[in-house]
Structure formats: structure tokens, C-alpha cells
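*Asks:* This structure is in C-alpha cells; I'll ask about it shortly.
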Amino acid sequence: MCCWGCGGAFWGVVLVILGVLFILSAVFHFQVPVFRIFFAILFIWMGISVLSGGWRHVGMGWRGDRGWRSETEVRAGENVQKEYSVIFGKGNIDLTGVTVKEGTVQTEINTVFGSTVIKMNPGIPAKVILNSAFSSARMPDGNVTTFGEYTYKTPSFKEGENALIIKADVVFGSLEVIGADLKL
């Protein structure tokens, strides 16, 4: 553990990026400023650490609605938060208790350098609007998206009616949406 509170995931990602840059430079003779990129990533990480509450140890857990370098499970009932974020960690978000009797329920779930599992009731009308970049996002219909947009709708979803709307963004991470009958 370094003095800035960054764990193995950060250094693993930095080393993978540096390795890829070295390979690109050697094989394809690209002029890639590897050390400049390394220091840029390091400064970005330090900035994120400062903005997130200082350089603390790994055991921060969820801070409000943010999963930060830990494994956490959230069960949402009638009061669904507007946003959930998993950054450098693992988050299990259980939305099976959500009902859509009175209006549309909307939430945003962000995953950056982490892993998120969303558990939802396939019996309620729901739509998942997925945006992924350099990631693995698996939907209940079997679709796997690594880059781009995809929209998943439950069989009971009808446009214009009450529904659960999930906007999911995944960058350098993984996301899986599963039905209520499967375990997290």
C-alpha cells in the first residue's frame, strides 16, 4: 500500500497500461511518451484521492452512495437513490424491492475501474440504458457489450408507462444485470 491510499487495482491498471504502451512502441514503432502518460495518470489519481476526502486507507467502504475500493451491498426499496457509483471496488445493488406503482423510478449507476452486479425483479417493467467503454456489461438477455450503447427492456416494459429506468455507465470495469431468481 502506498502512502496515498491507492491499492493493488490502481497500480495493476497503471502497469497494464504502461506494458501496452511499451509493446505498441516496440512493435509498431509508435512514438508514445510512456513516462509522461504514467505521470499524468499518477496526477489524476492523486487528484481523485484528494477530491474524495484525502489520502486515507483502503477501508473507506461506501460513502453515501459511492462504493470506493471495497465490496459493498446495497438494498434499495421504495427509496431508490438517484445515483450509485462504484469506483475501484465491487458493488452489489439489489433493486428487487423497487415498485413502480406511482410514476417512473429513475436511477443512475456508474462503474469506473470496478465491478457492479445489479439485481432486479424481471416481473416489473424496467429499461436499462447502458453505455460502456473498455468494459464488460452483461444483460439478462445474454447480450454482452464491451464498447458502445445498448438498451435492455424487460418483457413487461411498455414505453410511456410507469417503469424502473436505469442509466448504467461502465468504464474500464464490469457490470452484470441479473434477475431476482439468481444469487448475487
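*Asks:* Quick test of your reading of the structure: Ile166 fulfils all but one of (1) under 23 Å from Ser85 (Cβ atoms); (2) surrounded by fewer than 20 Cβ atoms within 10 Å (Cβ to Cβ). Name the failing condition by number.
*Replies:* Of everything listed in (1) under 23 Å from Ser85 (Cβ atoms); (2) surrounded by fewer than 20 Cβ atoms within 10 Å (Cβ to Cβ), Ile166 misses just condition (2).
*Asks:* Also, quick follow-up: Can you tell me which residue within region 127-159, out of those that are of a type in the set (Gly, Ala, Ser), assigned to a strand (DSSP E or B) and modelled with pLDDT under 90, is farthest from Ser174 (Cα to Cα)?
*Replies:* Gly148
*Asks:* For residues that are at pLDDT below 70, part of a helix (DSSP H, G or I), under 23 Å from Gly89 (Cβ atoms) and hydrophobic (A, V, I, L, M, F, W, C), tally how many sit in region 1-45.
*Replies:* Qualifying residue count, region 1-45: 3.
*Asks:* Return the total of residues in region 147-180 being among the hydrophobic types (A, V, I, L, M, F, W, C) and under 13 Å from the mean Cα position of the chain (by Cα).
*Replies:* Residues flagged as among the hydrophobic types (A, V, I, L, M, F, W, C) and under 13 Å from the mean Cα position of the chain (by Cα) within region 147-180 amount to 7.
*Asks:* Looking at region 83-97 only, could you name the residues that are surrounded by fewer than 24 Cβ atoms within 10 Å (Cβ to Cβ), of a type in the set (Val, Ile, Thr) and in a strand (DSSP E or B)?
*Replies:* Hit for region 83-97 is Ile87, nothing else.
Residue-wise test of (1) in contact (Cβ under 8 Å) with a residue 12 or more places away in the chain; (2) more than 30 Å from Ile41 (Cα to Cα).
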residue: Glu73; (1), (2): yes, no
residue: Val80; (1), (2): yes, yes
residue: Lys90; (1), (2): yes, no
residue: Val117; (1), (2): yes, no
residue: Met120; (1), (2): yes, yes
residue: Ala126; (1), (2): yes, yes
residue: Asp141; (1), (2): no, yes
residue: Glu176; (1), (2): yes, no
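*Asks:* Among the numbered criteria (1) at pLDDT 70 or above; (2) outside any loop (DSSP other than H, G, I, E, B), which single criterion is violated by Glu102?
*Replies:* In the conditions (1) at pLDDT 70 or above; (2) outside any loop (DSSP other than H, G, I, E, B), Glu102 misses (2) alone.
*Asks:* I've got another one for you. Take the residues of region 46-59 that are loosely packed, with under 11 Cβ neighbours inside 10 Å, outside any helix (DSSP H, G or I) and small (Gly, Ala, Ser): which is modelled with the highest pLDDT?
*Replies:* Among them, the one singled out is Gly54.
The values are calculated or read from the model by the stated rules, or taken from the named source; none is laboratory data. Bear in mind that the values here come from a model prediction, so they are computed numbers and not experimental data. Note that each Cβ is placed from the backbone with ideal geometry, even for glycine, and that neighbours are counted across all protein chains shown.
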